[in-house]
Amino acid sequence: MGLSPDAARPVSGTRAANLLTRELPDSVARRSVAESEEITWVQRESLVQAATLLRDHPDAAYTMPVFVTAVDWPDREPEEPRYDVVYELRSLQHNDTCRLIVQVPDDDPRVPSLESVWAGMDWHERECYDLLGIVFEGHHDLRRILLPLDWEGHPLRKDYVSFGEPIAFTHNLEWALPEAERPRDLPGETR
Amino acid sequence: MGLNGTRVLRASSDAGTVALPRTGVWEREAARAGIITTTLENLVQWGRYSSLWPTQFGLACCAIEMMATASSRYDLSRFGAEVFRSSPRQADVMIVAGRVSQKMGPVLRQIYDQMPEPKWVISMGACASSGGMFNNYAIIQGVDKVVPVDVYLPGCPPRPEGLIDAVIKLQKKIAGERPASLRG
Amino acid sequence: MTTLPPLQQPPEHLDAHEERSGLDNVDIVQLDDSTMELNMGPQHPSTHGVLRLLLELDGEVVKVCRPDIGYLHTGFEKDYERHNYQQCIPYTDRMDYLSPPFNNLGFALAAERLLGIEVPPRAQALRVILCELTRVASHLLWYGTTALDLGATTPFLYAWRDRERILDINELISGVRMHTSFIRVGGMVADVPDEFYSLVADVVETFPRRIDEHELLLTKNPIFRERTIGLGVISAEDAMAYGASGPVLRGSGVPYDLRKAKPYSGYEQYEFDVPIGGNGDIYDRYLVRMQEMRESLQIVKQALDTLPGGPVNTSDRRVAMPPRNEINTSMESLIHHFKLVTEGFRPPPGQVYQAVESPRGELGFYLVSDGSNRPYRCKVRAPSFSNLSSLPHMVKGELIADVVAVIGSIDIILGDVDR
């Protein structure tokens with residue numbers, strides 16, 4: 001229907017990318033722009049420093065954590081690390097949202113915790129650990145938050161098979177439904 | 001099949017082979033017990049089903065429809081469910097309204113155990129009856145894996161009229177039961 | 001008669017917390033002997049869902065509050081990876097189940113951004129009408145249940161009576177009272193019937209007076225004011241640091257509303273104000289929500305008056321079904337229709353974050369596509385999750401009765417918190 005909306009939309013996140021490239025050039029692995037969003041790929045070791053800079057520098061003032069999550073790309077190994085840990089931050093003052101991505105490999109899924117920088121990262125990091133198994137070092141209490149504490153496995157990983165129970169159709173009754181529950185002709189009246 | 005397809009399975013037990021008149025267990029017992037006890041039993045059951053107090057067990061979206069059933073337009077207290085008791089120790093029926101996750105399963109069982117006899121369970125909604133649209137690791141596929149259910153109420157969420165129909169069906173079921181204390 | 005032994009320390013085995021409740025999946029850390037732990041369990045009338053709070057009490061004053069969530073974890077994000085985009089829409093309904101169109105809208109907008117399509121203006125206006133009416137319904141429900149928690153039973157019945165009128169509108173357009181799934185990727189399910197306009201105009205006309213009646217019950221009520229003014233205070237900096245959004249953030253004085261800051265779906269055409277509070281207490285959040293209801297009705301009125309004609313679905317063939325007459329004559333259209341229904345469309349690989357302003361705050365969808373017909377990863381940024389993480393900060397030092405009031409004022413939905 002005419003002009004694509006992205007052409008008219010300003011690119012968000014450039015402010016953070018520029019600041020990091022200027023002040024902490026070693027922390028930026030690369031930058032990319034897509035769908036009017038600029039993503040800054042940050043090195044794991046300088047994450048806390050970069051986050052503190054983004055929060056405190058008056059040009060950036062990213063004071064609100066939006067979310068922390070991770071995306072699991074198991075087919076990328078061994079060329080690229082398996083997990084993309086995604087941080088989204090918002091600056092209310094400058095009305096801007098930026099995204100930082102830290103890549104961590106499968107055999108070492110550890111990231112420094114940003115709980116000391118924004119208090120809201122506490123629960124988001126616990127959820128990321130719970131569902132994906134990313135370990136946030138320095139978190140005061142990294143426990144499971146959504147699943148029972150004795151749950152095994154991390155459900156949002158691609159190798160975790162999520163399955164409730166088989167759905168019984170007429171053609172697979174033998175293995176889908178236990179003997180006692182299969183429909184049969186009952187004597188008398190059933191309603 | 002009633003409104004929204006609520007259904008209660010009832011199979012009459014039947015000895016069958018000998019040429020006896022076709023009566024069920026309860027009719028035979030009632031004939032033995034006599035008229036006064038039968039009336040007393042009916043009275044007790046009438047009292048039980050006419051004031052079914054649910055316990056507050058609203059979990060998810062069905063809880064909102066349960067609250068809508070209890071509020072101004074579809075008034076559930078017309079049918080005896082005057083108050084939703086917060087403590088299960090004071091309740092008769094548990095309307096499991098919503099999806100039961102793996103973490104909530106033991107809690108559900110604990111609340112059910114805390115209810116005194118006689119107690120009944122209405123499984124409201126698709127998620128409580130069978131796991132609903134969530135056929136995954138996190139949801140218990142039907143609360144009848146945890147507690148015994150008397151009435152299943154399908155819908156996502158079921159309309160308030162559906163919940164009222166389920167309560168009425170439960171009342172009919174209770175009218176047909178015999179109180180344990182008066183049986184021989 | 002034996003003499004009693006002198007008072008001594010309780011025996012060893014009673015000091016350690018061997019005696020645990022059936023819900024012993026959380027380690028209770030004892031700070032010192034003078035505090036009591038109270039479990040405000042998952043089944044509780046005032047927790048607005050299955051929220052468990054572990055409160056360390058010194059008498060009646062809360063020292064530490066530890067929320068234990070996850071009792072409604074449904075695994076939505078895993079389910080999104082197993083269904084194609086249009087099949088995900090009914091799942092999104094059930095997350096924030098008090099305001100389903102916002103979930104639909106967020107997901108649809110994210111998918112539309114990935115695809116690079118824009119919906120026609122009629123669909124945008126209808127989306128705005130549906131969403132703002134749902135905002136009114138959600139705030140009415142919040143108002144009723146919060147008042148009920150504080151002991152006022154009349155507002156509950158009044159608010160729900162009015163909410164039923166909005167559910168009637170839902171039922172008219174989609175057949176379902178609550179989870180309408182009416183907003184799909186590419187537009188709406190169908191156009192609205194003719195009675196829609198009169199019903200919505202009726203709501204717009206009569207509701208402001210109804211809201212005044214509701215305010216009459218509570219706003220100047222001395223009991224309500226005693227229980228809410230000065231309690232549950234959170235400062236603007238703390239609210240931002242916790243990631244709080246929506247009325248929780250605006251009640252603390254931060255004028256941030258996504259409908260104004262990052263407009264979507266045509267919100268920039270409508271004139272409305274964003275109410276903010278001064279002190280960050282419960283009373284301010286209540287006033288913010290009541291005023292937001294009025295502003296929403298203003299938006300609906302403007303949208304209804306300027307509702308354009310035209311189609312309600314995009315004509316982009318990657319998403320939209322071919323028209324019926326074409327299917328009957330052209331083989332390619334038939335196959336295209338078949339592919340769209342069975343497989344769904346395939347956005348190009350990429351990632352996008354789209355947020356909408358739901359009644360609870362910023363509801364965002366981070367959608368990652370790998371070029372297939374299913375989302376590769378759909379992370380839902382739930383407003384209630386972040387708002388609830390500020391609860392321990394808000395109730396520290398308050399009385400236990402105030403915990404109930406504070407939880408009510410944050411307006412959490414456990415479906416959002418736990419997903």
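The values are calculated or read from the model by the stated rules, or taken from the named source; none is laboratory data. Everything quoted here is computed from the prediction, not taken from an experiment. Virtual Cβ from ideal backbone geometry, glycine too; neighbours counted across all protein chains shown.
Here is a list: C:GLN124, C:GLN87. Which entry is away from chain B (no Cβ under 14 Å), part of a helix (DSSP H, G or I) and surrounded by fewer than 24 Cβ atoms within 10 Å (Cβ to Cβ)? Write out each step before concluding.
Details: C:GLN87 fails: away from chain B (no Cβ under 14 Å).
So the residue among C:GLN124, C:GLN87 that is away from chain B (no Cβ under 14 Å), part of a helix (DSSP H, G or I) and surrounded by fewer than 24 Cβ atoms within 10 Å (Cβ to Cβ) is C:GLN124.
Within the range C:195-274, which helices (runs of 4 or more DSSP H) (wholly inside it) include 1 or more residues that are of a type in the set (Gly, Ala, Ser) and in contact with a Gly (Cβ under 6 Å, 6 or more places away or on another chain)?
Ranges flagged: C:236-242, C:247-251.
Among the listed residues C:GLY415, C:GLY408, C:GLY371, which satisfies the condition of being more than 14 Å from chain A (Cβ to nearest Cβ) and touching a residue at least 24 places away in the same chain (Cβ under 8 Å)?
Answer to the selection: C:GLY408.
From the set of residues in the range B:36-58 that are of a type in the set (S, T, N, Q) and assigned to a loop (DSSP other than H, G, I, E, B), which is farthest from B:LEU170 (Cα to Cα)?
Selected residue: B:GLN56.
Sort out for me the helices (runs of 4 or more DSSP H) sitting completely within the range B:59-135 that have 1 or more residues that are within 17 Å of the chain's Cα centre (by Cα) and of a type in the set (Gly, Ala, Ser).
Numbers: elements: B:61-70, B:105-114, B:126-130.
Those helices (runs of 4 or more DSSP H) span B:61-70, B:126-130.
Could you give me the residue pairs with C-beta distances under 9 Å whose first residue belongs to the range A:167-191 and is at positive phi, whose second residue is modelled with pLDDT under 80 wherever it lies, and which are 6+ apart or on separate chains?
Correct list of pairs: A:GLY188/B:ARG10; A:GLY188/B:ALA11; A:GLY188/B:SER12; A:GLY188/B:SER13; A:GLY188/B:ASP14.
Of the conditions (1) touching an Asp or Glu at 6+ places or on another chain (Cβ under 7 Å); (2) small (Gly, Ala, Ser); (3) crowded, with 21+ Cβ neighbours inside 10 Å, A:ALA16 satisfies every one except a single condition; which number is it?
(1)
From the residues in the range A:44-59 that are more than 14 Å from chain C (Cβ to nearest Cβ), over 18 Å from A:TYR83 (Cα atoms) and touching a residue at least 40 places away in the same chain (Cβ under 8 Å), which one is surrounded by the fewest Cβ atoms within 10 Å (Cβ to Cβ)?
Residue satisfying both the conditions and the ranking: A:ASP59.
Every residue in the range C:147-180 that is farther than 20 Å from C:ASP411 by Cβ and either among the aromatic types (Phe, Trp, Tyr) or outside any helix (DSSP H, G or I) (or both), please.
C:GLY175, C:VAL176, C:ARG177, C:THR180
State whether the residues of the range B:41-54 include one that is surrounded by 21 or more Cβ atoms within 10 Å (Cβ to Cβ), acidic (Asp, Glu) and touching a Leu at 6+ places or on another chain (Cβ under 7 Å).
Looking through the range B:41-54, none of the residues is surrounded by 21 or more Cβ atoms within 10 Å (Cβ to Cβ), acidic (Asp, Glu) and touching a Leu at 6+ places or on another chain (Cβ under 7 Å).
Here is a yes/no grid of residues against (1) surrounded by fewer than 24 Cβ atoms within 10 Å (Cβ to Cβ); (2) on the phi < 0 side of the Ramachandran plot; (3) small (Gly, Ala, Ser):
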site	(1), (2), (3)
C:VAL368	yes, yes, no
C:CYS378	no, yes, no
C:PRO383	no, yes, no
C:ASN387	no, yes, no
C:HIS393	yes, yes, no
C:LYS396	yes, yes, no
C:ALA401	yes, yes, yes
C:ILE413	no, yes, no
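Working only within the range A:138-187, note down all residues that are of a type in the set (Val, Ile, Thr) and surrounded by 15 or more Cβ atoms within 10 Å (Cβ to Cβ).
A:ILE145
Taking the options C:GLU237, C:GLU226, C:GLU195, C:GLU213, name whichever one is within 20 Å of C:ASN387 (Cβ to Cβ), exposed (fewer than 14 other Cβ atoms within 10 Å of the Cβ) and of a type in the set (D, E, K, R). Write out each step before concluding.
Numbers: C:GLU226 fails: within 20 Å of C:ASN387 (Cβ to Cβ); C:GLU195 fails: within 20 Å of C:ASN387 (Cβ to Cβ); C:GLU213 fails: within 20 Å of C:ASN387 (Cβ to Cβ).
Among C:GLU237, C:GLU226, C:GLU195, C:GLU213, only C:GLU237 is within 20 Å of C:ASN387 (Cβ to Cβ), exposed (fewer than 14 other Cβ atoms within 10 Å of the Cβ) and of a type in the set (D, E, K, R).
Go through the range C:146-156 and give me each residue that's among the hydrophobic types (A, V, I, L, M, F, W, C) and more than 9 Å from chain B (Cβ to nearest Cβ). Write out each step before concluding.
In the first step, residues of the range C:146-156 are kept if they are among the hydrophobic types (A, V, I, L, M, F, W, C); the result is C:147-148, C:150, C:152, C:156.
Across the range C:146-156, the qualifying residues are C:ALA147, C:LEU148, C:LEU150, C:ALA152.
What do you reckon, is B:GLY142 within 14 Å of chain C (Cβ to nearest Cβ) and within 21 Å of B:ALA60 (Cβ to Cβ)?
No.
Only residues that are under 21 Å from B:ALA128 (Cβ atoms), away from chain C (no Cβ under 11 Å) and not small (Gly, Ala, Ser): list them for the range B:50-95, please.
B:LEU52, B:TRP53, B:PRO54, B:MET66, B:LEU76, B:PHE79, B:ASP92, B:VAL93, B:ILE95 - these are the residues of the range B:50-95 that are under 21 Å from B:ALA128 (Cβ atoms), away from chain C (no Cβ under 11 Å) and not small (Gly, Ala, Ser).
Does the range C:154-183 hold any residues that are under 19 Å from the mean Cα position of the chain (by Cα) and touching a residue at least 60 places away in the same chain (Cβ under 8 Å), and which are they?
Result: C:MET178, C:HIS179, C:THR180, C:SER181, C:PHE182, C:ILE183.
Given the options C:ALA108, C:ALA159, name the one that is closer than 30 Å to C:TYR264 by Cβ, within 11 Å of another protein chain (Cβ to nearest Cβ) and either touching a Cys at 6+ places or on another chain (Cβ under 8 Å) or of a type in the set (A, V, I, L, M) (or both).
When all the criteria are applied, what remains is C:ALA159.
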